[in-house]
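A.B. asks: Pasting a structure here, questions to come.
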Amino acid sequence: MATTGVEGTTDTTRVNPANTYTRKDVQANNSSLSMDDFWKLLAAQLRYQDSSNPMSNSEMMGQLTQMATMSAMDNMSSTITDAMASLSQISLSSYATSLLGQEITVVDLDKQGNLIGEVTGKVEGVALTGSNPYIYVNGKSYSLSQIVSMGTVPKKDEENEDDGENKDESEDQTQTEAV
């Protein structure tokens, strides 16, 4: 299939490998075995075993015991994970309800999550719907992660005044020692 092109060159038909490749479905790499997988393996093992040397009963019982143990451990692990998630939710709910009536300071964020300022007030209510409890301060809802302080906390100006008094005394002592 060669044709003559401009000035004696020949064009050839080219096949693009991307156009001829057919994609096969990709399966997830699942490295864990389920009970169904175990039963399939055991059935295959029994079907294709050497008739002159069959699997002993103790080997089969050992495999069954191992799989039962693994299944029990898997069930226990998922139960513990579920219990921990429930305990965490209960702990957050208890913490949120314990804040009712307490004076707190929360950070105020815009819709993009940027800091707008701080809001101080008493916790007026708690919403326990969803996975994350919300508290209400001055009629607006805040996540528990937005709490920055509880109770009356001195402002930065008051802290600087205290530091300033101590700073003046230390400067006087330094000047006296220098003389």
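The values are calculated or read from the model by the stated rules, or taken from the named source; none is laboratory data. Quick caveat: nothing in here was measured; it's all calculated off a predicted structure. Neighbour counts run over all protein chains shown; Cβ positions are idealised from the backbone, glycine included. What goes into the accessible areas is simple: the full protein's heavy atoms, side chains included, and nothing from ligands, DNA or RNA. Shrake-Rupley method; radii C 1.70, N 1.55, O 1.52, S 1.80 Å.
A.B. asks: Being over 28 Å from the mean Cα position of the chain (by Cα), part of a strand (DSSP E or B), touching a residue at least 12 places away in the same chain (Cβ under 8 Å) and more than 13 Å from Gln102 (Cβ to Cβ): is that true of Val148 here?
C.D. replies: Details: over 28 Å from the mean Cα position of the chain (by Cα): no; part of a strand (DSSP E or B): yes; touching a residue at least 12 places away in the same chain (Cβ under 8 Å): yes; more than 13 Å from Gln102 (Cβ to Cβ): yes.
Considered against the rule, which asks whether it is over 28 Å from the mean Cα position of the chain (by Cα), part of a strand (DSSP E or B), touching a residue at least 12 places away in the same chain (Cβ under 8 Å) and more than 13 Å from Gln102 (Cβ to Cβ), Val148 comes out as no.
A.B. asks: Would you mind telling me which numbered condition in (1) at pLDDT below 80; (2) within 30 Å of Gln89 (Cα to Cα); (3) open to solvent by less than 30 Å² (accessible area, probe 1.4 Å) Ala127 fails?
C.D. replies: (1)
Every residue, every condition in (1) among the polar types (S, T, N, Q); (2) modelled with pLDDT of 85 or more; (3) open to solvent by 50 Å² or more (accessible area, probe 1.4 Å), yes or no:
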residue	(1), (2), (3)
Ala68	no, no, yes
Ala72	no, yes, yes
Asn75	yes, yes, yes
Ile80	no, yes, yes
Gln89	yes, yes, yes
Tyr95	no, yes, yes
Glu103	no, yes, yes
Leu109	no, yes, yes
Glu118	no, yes, yes
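A.B. asks: Residues in segment 36-52: is at least one under 35 Å from the mean Cα position of the chain (by Cα), touching a residue at least 12 places away in the same chain (Cβ under 8 Å) and more than 30 Å from Val126 (Cβ to Cβ)?
C.D. replies: Yes - at least one qualifying residue is present in segment 36-52.
A.B. asks: I've got another one for you. Condition first: at pLDDT 80 or above, farther than 19 Å from Ser91 by Cα and exposed (fewer than 10 other Cβ atoms within 10 Å of the Cβ). Now tell me which residues in segment 130-161 satisfy that.
C.D. replies: Gly139, Gly151, listed by residue number.
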